[in-house]
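To start, the structure under review is shown below, and the notes come after it.
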Amino acid sequence: MTRATALIGVDWGSSNLRVFRMGEGGAVLDRRADGRGASSLKPEQFADVLTEVAADWLAEDLPVLVCGMAGARGRWLEAPYAPCPAGLADIAAYAVRPIDAPEVRILPGVAVWREGCLDDVMRGEETQLLGLDRGFDRVVAPGTHSKWARLDGGRIIDFRTHMTGELFAALSRSPSFLGGEAGTDHEAFEAGVCAGLEDGPLGASLFSARVGMLAGRVPATGLQDYLSGVLIGAEIAGETRDGEPGRIALLGAPGLAERYRTALALAGVEEVIVTDVEAATAAGLWRAWEAMR
């Protein structure tokens, strides 16, 4: 027996679009993907792109819930950040409706304010975090802008962002690091992690790649992996210097999450679980929808 569709869930990232057809209770009945991410679209294009991708689903006159960068400033319709600490009811309360698609609701991001000043933001990750099962002290969402979040009682109580992925992308184009392909030299990656974990000046740790190559310690084909390791190691050092971080959930693409698991193990952090980012996103969308009803 075919299960009835109860919600169309949309995860609109900067570089891609994912649409879920969801049954009652949040079960994903079907999914579709498209490469037209939010960063490539003008505000007036979003409704048309969504219709192209899921016209037959939308014809069923179902509610549509969107998370991610569609709600960023200058995109489909800006959804103001919900202040941290934030739970499902909080982000549901900040959702907005585009005039050109009244059946759609766009979820906000979450912001941290300190001493009256905006200190950090996330958009899209909050839905994934709130879709996780409880029992984790910290959640790490690695990526272009890696997030380290603390959750308590089903609420995001604090988080911090590291530009690790963006730095890697920029530095990997430098002549100092032209060599090899990231993900192919595990020894070079682990050596880089150890250099980054030393918690010294990051510039010096990065330059150790060039010195290591000249000295024969880092093969030219492993420079990208060494660079990746230094940056991830420095990120972890900054987040674990105050003591044991507790039980960590890694929420990201499988390959990158495994690299973080390796780096965390080198830092002495053993309680690490790699979670399914798509399942967490779908669960977060459904839970947010339930909070609206």
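The values are calculated or read from the model by the stated rules, or taken from the named source; none is laboratory data. The model shown is predicted, which means the values in this text are computed figures rather than measured ones. As a convention, Cβ positions derive from the backbone with ideal geometry for all residues, glycine included, and neighbour counts pool all protein chains shown. Just so you know, the surface numbers come from the protein's heavy atoms only, side chains and all, with ligands and any DNA or RNA stripped out. Shrake-Rupley method; radii C 1.70, N 1.55, O 1.52, S 1.80 Å.
General remarks:
- Given charges at beta-carbon only (K, R positive; D, E negative), |dipole| of region 171-247 in Debye: 280
- Rounded to whole Hz, the Karplus (6.51, -1.76, 1.60) HN-Hα couplings of region 251-261, x for glycine and proline: 10, x, 4, x, x, 5, 4, 5, 5, 5, 4
- Choice from A182, A70, A101 showing the highest fluctuation, given a GNM over the chain with Cα pairs closer than 10 Å: A101
- The dipole here belongs to the chain: it is taken about the Cα centre, uses +1 on the Cβ of Lys and Arg and -1 on the Cβ of Asp and Glu, and is about 300 debye.
- Length gained on full extension, D56 to R241: 61.5 nm, using 0.36 nm per residue less the C-alpha separation.
- Candidate values (i) 13.9; (ii) 16.7; (iii) 19.9, label of the one derived for mean projected area of the Cα convex hull in nm²: (ii)
- Accessible area per residue, Å², region 1-84 with all protein chains present, probe 1.4 Å: 47
- Most fluctuating residue given options C84, C194, C117, as computed from a GNM of the chain linking Cα atoms under 10 Å: C117
- Accessible surface computed residue by residue for region 107-172, with neighbouring protein chains in place and a 1.4 Å probe, gives 44 Å² per residue.
- Here region 95-229 is treated as an ellipsoid with the same Cα gyration tensor; its semi-axes, largest first and in whole Å, are 37, 17, 14.
- Considering only the chain, percent of DSSP beta bridges that pair antiparallel, nearest 5: 65
- Helix 46-58 axis, angle to the chain major axis (alpha carbon atoms, nearest 10°): 60
- Carbon and sulfur %, accessible surface of the chain computed with the full protein complex present, 1.4 Å: 52
- Amide H contacts of D120 (H built 1.01 Å from N, under 5 Å, at least 5 apart or other chain): V112
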